[in-house]
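Read the figures in this text as sums done on the coordinates, not as results from a lab. These numbers come from a predicted model, not from an experiment. Here the Cβ positions follow ideal geometry from the backbone for every residue, glycine too, while neighbour counts run over all protein chains shown.
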């Protein structure tokens, strides 16, 4: 019986042939476009991200190596198939536990080291008991291993070694520091250099303006010494050690005046600013945030700027060395309700944000 094509079958075959021709034309165009792009690259390798590699790997595996050799232009067929193998292998990769007991948590290790360093007289049992107070059950052997791996000795040897940081903090209340800085101002007679003396209470980081002058001679220094050691409101009253540099303005009369009240001046080595680090850090702050950003005309403008900065430094500025706290916070610090307002000092050079009382 002869095969008879019905009209609808003929129409379907015609449409299918037309679609195949159109798809082939699209493929030919894309192939030629890829060749042109490859010629433009002149041997430069394209940079593909992981998502692009994944997409090519999935599509390339469906085509197979033979067809890839004919159409792949960006990378070689072997590269595409290699990506696909790694993609499959990654899906079958699981986290496997190693042999032996699991390690203790990093949080517990840090607690053990913190307790051992801050308490040199605590032995393994004492540290274990303190950890139990924090709901961490760790045996003495684990504590001993942790300390040994981090270079810390047992308590009998550790208690005999005191770091300078621990020693200084134990005597922190009797330490102070001082230093000079200079500022040039304009006057009717030209440039005038002023000497500014600051004193810092090291435990609290409070800074006191001891004086400003154009001539820091012996008479001026003796008066400053009397002011600082006054038994009523002297900033250095009760201090036993004052750290300073070897500036010649700290004359013998000044040293003797402070020594009369059992306050010893400890001069740092030459060219060793790190030995007076807290004072040097304050000097950097006041210069970068205030003095270097202004032009001064006379003594009054300089005094006003320094006083405004000290008010900002003590009551409005956060200090990283004090765990980002304010030295002498105002009552509005920590207020949770109220409108946020801004306080400007020195025309907006120094700014402080706080909540206004409702």
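A few remarks follow.
- Separation of segment 298-335 and segment 182-235, taken as the distance between their Cα centroids, equals 18 angstrom.
- DSSP assigns beta bridges within segment 172-350; of those with both partners inside it, close to 75 percent run antiparallel.
- Each of 323, 316, 153 was scored by other Cβ atoms within 10 Å of its Cβ. Listed from fewest to most, they are 323, 153, 316.
- Simple spin-label estimate for residue 317 and residue 222 in nanometres, 7 Å along Cα-Cβ: 3.5 nm
- Look at the alpha carbon pairs under 8 Å that are at least 6 residues apart: their mean separation over the length of segment 293-357 gives a relative contact order of 25 percent.
- For 241, 122, order by how many other beta-carbon atoms lie within 10 Å, fewest first: 241, 122
- Using a cutoff of 8 angstrom between alpha carbon atoms and counting only pairs six or more residues apart, the relative contact order for segment 246-358 works out to 16 percent.
- Packing-based exposure ordering (other Cβ within 10 Å, fewest first) of 275, 231: 231, 275
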